[in-house]
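Reading through the structure tokens given below for one structure.
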Amino acid sequence: MGRTKTAATGRGYLGEIMVHRISRAIGVVDSIVEAQAGWPPQITLKLKDGSLKKGKLSDFKDASASEKKKYGESE
């Protein structure tokens, strides 16, 4: 069985490969600030070059199989 991910709180996304919607940067979820009191969850995506991309969970999407493969090949 896969992990249970909850978009409302951000639980379960740590370690997932995700894509930034605007820049199309691919990385791994490094940290999560869970949603509280009406604020959306905030995640930090660690890119291959070591830089970080921060934003709301809605700024990112799950990586497709081809994006995951591309991320794995560049390691």
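The values are calculated or read from the model by the stated rules, or taken from the named source; none is laboratory data. Here the structure is a predicted model, which is why all the values come from computation and not from measurement. Neighbour counts are summed over all protein chains in view; Cβ atoms, including those assigned to glycine, are modelled from backbone coordinates with ideal geometry. Heavy atoms of the whole protein, side chains included, go into the accessibility calculation; ligands, DNA and RNA do not. Shrake-Rupley method; radii C 1.70, N 1.55, O 1.52, S 1.80 Å.
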Qualifying position, being within 12 Å of the chain's Cα centre (by Cα) and basic (Lys, Arg), among Lys48, Lys54, Lys70: Lys54
Collect the residues in the stretch 34-75 that are among the aliphatic types (A, V, I, L, M) and in a helix (DSSP H, G or I), keeping them in residue-number order. Leu57, Ala65
Of the residues that make up the stretch 54-64, is at least one open to solvent by 80 Å² or more (accessible area, probe 1.4 Å) and of a type in the set (Phe, Trp, Tyr)? no
Please specify each residue of the stretch 5-23 satisfying the condition of being closer than 16 Å to Ser58 by Cβ and open to solvent by 50 Å² or more (accessible area, probe 1.4 Å). Lys5, Thr6, Ala7, Ala8, Arg11, Arg21, Ile22, Ser23
